[in-house]
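The next block holds one structure in the form of structure tokens; read it before the comments.
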Amino acid sequence: MRHLQLSLNKGQKLRLERALEQLESLSSKANSDASVTVADDIPVNYEDAILKGHGTAEMDGRVVATLCGVVERVNKLVYVRSLRARYKPEIGDIIIGRVLEVAPKRWRLEINFSQDAVLMLSSMNLPDGIQRRRTAVDELNMRSIFEENDVICAEVRGFQHDGALHLQARSQKYGKLKTGQLLTIPPYLVKKRKQHFHYLDQYGIDLILGCNGFIWVGEHVEVKDDMVEDVLEKSPEPQNAKPCNTPVDKPLEETRTPLATRQNICRAANAIRVLSTLGFTITVEIIMEIVDLSISSSVDIHEMLGAEFYVVVAENEAAQRSSSSRKRKAHLVHHPAPRSWINARTTYMRRS
């Protein structure tokens, strides 16, 4: 049961086992050539001067895998990429962190990595949005920008000499995150994409998928940068939108988050918790599917963390993958290779 800590009855346990077995069979068929376990042979061309990388070893003239994962090939380099590995930062990654310390000219952040990250004052977009040289007054007012336990979204700029990460937040889309929930999931469940900022306009919430396994679900915040959000369907601007990284001086009544928005935040957060527990890859599309499934099934927010909803989500995912697999096979049957391509291939084989 993949060590799921759920209180399931006998019927739910059987249904969940059946759904997980179906998902495993579909996944193994799709990745039979790429997935390997410990001591599996890795097919290579010995005529080429191959390079054995991480997760590989030579045994009795064969190249075998020393860990479970997916075989990757880069030119002559062959290595195994572990599926359940710690977060390995790369330059350009969008991450979410929590402020641990306010130091001279820098903030130290916890980012779910072996070392803490550093956000320099010179790499930070000031609240007024003006690009200028940082002064001693800015250094004295650092705590007014970020203080301990604040949640921040930033981008990986580089690595320091001691291995610590150097972050930057020079755009309006980065900065302090407020009015939402911070979730922690295994980093390998978040796939790196071109867009990690998402605006779910039908729910009025923002979703940030951090590459380091930190996910932010919060109230939508209007920003000036047009390249920020992944707008699925454009809609009129919400009247309660607020500029990013600006001090809030409005009365409490005007800044209070509506009840419907808070419910949507909790529903999306519970959907992420369910997917993380089941070990499914976290994407904005599947999160919306789980949220829509809970609404269409009239499942309350607190009931989404119940055992029955976990089973329903697993069965629904297994049914969708099985249906897509059948459609793919039917497409290959009804759309064979063009006759011109077959004739050209036959002619080439005869000549050779």
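Going by the alpha-carbon gyration tensor, a ≥ b ≥ c the square roots of its eigenvalues, is region 111-209 rounded (a/c under 1.5) or, if a/c is not under 1.5, prolate (a/b greater than b/c) versus oblate? It comes out oblate by the Cα gyration axes. Ordering of 96-102, 58-64 by packing is 96-102, 58-64, highest average first (other Cβ atoms within 10 Å, averaged per residue).
Go through region 186-221 and name the chymotrypsin sites (Phe, Trp or Tyr not before Pro) that are in a DSSP coil and have 14 or fewer other Cβ atoms within 10 Å of their Cβ. Listed in order of number, the matching sites amount to none. Close amide-amide hydrogen proximity is noted between D150 and V99, each under 5 Å apart and 5 or more residues distant or on a separate chain (H modeled in the peptide plane; Pro and chain starts excluded).
Rounded to the nearest whole Hz, the Karplus-based 3J(HN,Hα) values (6.51 cos²θ - 1.76 cosθ + 1.60, θ = phi - 60°) of region 275-286 follow the sequence 5, 5, 5, 7, x, 8, 5, 8, 9, 5, 5, 6, with x at glycine and proline. When you filter the GluC sites (Glu not before Pro) in region 116-212 for DSSP loop state and at most 14 other Cβ atoms inside 10 Å of their Cβ, you are left with E147, E148. Once the chain from K192 to L305 is taken as fully extended at 0.36 nm per residue, the excess over their C-alpha distance is 38.0 nm.
At an R0 of 22 angstrom, the distance between the Cβ atoms of K88 and L51 translates into a FRET efficiency of 0.65.
At an R0 of 22 angstrom, the distance between the Cβ atoms of E101 and T257 translates into a FRET efficiency of 0.15.
Amide H contacts of D201: L232, E233, each under 5 Å away and 5 or more positions distant or on a separate chain (H built 1.01 Å from N in the peptide plane; Pro and chain starts excluded). Using the Karplus relation 6.51 cos²θ - 1.76 cosθ + 1.60 with θ = phi - 60°, the per-residue 3J(HN,Hα) values for region 112-126 come to 6, 10, 5, 10, 6, 9, 10, 10, 6, 4, 5, 9, 10, 7, 5 Hz, with x marking Gly and Pro.
Every read-out reported here was derived from the displayed coordinates using simple, explicitly stated rules and does not represent laboratory data. Every value quoted in this text rests on a predicted model; they were computed, and no experiment measured them. Cβ coordinates were reconstructed from backbone atoms using ideal geometry, including for glycine residues, and neighbour counts include every protein chain displayed.
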